[in-house]
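The structure appears below as structure tokens.
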Amino acid sequence: MPSPKLITPIEIDRYYHIFNRGNNYEFLFYKDYNYAYFLEKYEKYLSEHVSTFAYCLLPNHFHLLIKTKTDSGSSQFRKLFQSYALSINKQENRTGSLLTKPFRRIVIEDDEYLKWLVFYIHHNPEKHRLIDDFRKYKYSSFQSLIGDFKHFQEQEEVFAWFGGKEGFIDYHKFYHEEKRIQKEGPQEKEATGKETEKERARF
């Protein structure tokens, strides 16, 4: 697995883990409606260019699991981040970069790791102690995937990776209840950060 510190090119028809954090460990999302606004912008700029399988938005960072459909992924992500940053800077009366540059990306080539990454992304709020049970977190794709509202995720394809909806739920339950995150799953190199905000600034 390549280091997230390397700038991996975004190429067509490949799976990527896209993630980034606020510049200087600052927040990306200040109000509840900022999360919904980011997803609206994401759908506007990216829906024609990527398929989205999982996401999680946390106060100062985010994770996405995508597959590219066109060769415009990089430019569309830049448009998204620039547009969102302008809105947040205006809202918070701030200036300067909102997100670190360049945004992080890792190409995914292993099917088992793909499944693990779905869980890893959904589990992130609990990992960072934002909530006791990640399945109740409002700003990830877990609830929308298992519910009636699909948003823009590729629900059927995600479930197919796990052998169906019940397999998807059981996979998440197994790794959650048995606390196998560090012991059993494939490991991904994490960016280091400072703690408290420090801990939460990690990916």
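The values are calculated or read from the model by the stated rules, or taken from the named source; none is laboratory data. Predicted, not measured: the structure shown is a model, and the values here were computed from it. All Cβ positions, glycine included, derive from the backbone under ideal geometry; neighbour counts span all protein chains shown.
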- Would you point out the residue of the range 149-203, among those that are closer than 22 Å to Leu130 by Cβ and among the acidic types (Asp, Glu), that is modelled with the highest pLDDT? Glu177
- Note on the structure: Checked Lys79, Lys67 against criteria (basic (Lys, Arg), under 18 Å from Glu157 (Cβ atoms) and touching a Phe, Trp or Tyr at 6+ places or on another chain (Cβ under 9 Å)); the one match is Lys67
- Note on the structure: Within the range 8-42, the residues that are surrounded by fewer than 20 Cβ atoms within 10 Å (Cβ to Cβ) and in contact with a His (Cβ under 8 Å, 6 or more places away or on another chain) are Leu39
- Note on the structure: Going through the range 9-53 in order, the residues found to be closer than 20 Å to Lys101 by Cα and of a type in the set (S, T, N, Q) are Asn20, Asn23, Asn24
- Any chance Glu26 is in contact (Cβ under 8 Å) with a residue 40 or more places away in the chain and of a type in the set (D, E, K, R): yes
- Item | Enumeration of residues in the range 45-95 that are more than 20 Å from Ile10 (Cα to Cα), touching a Leu at 6+ places or on another chain (Cβ under 7 Å) and without any contact (Cβ under 8 Å) to a residue 40 or more places away in the chain | Ala85, Asn89
- Screening Tyr45, Tyr37, Tyr55, Tyr84 for residues that are under 26 Å from Gly164 (Cβ atoms) and of a type in the set (Ser, Thr, Tyr) leaves only Tyr55
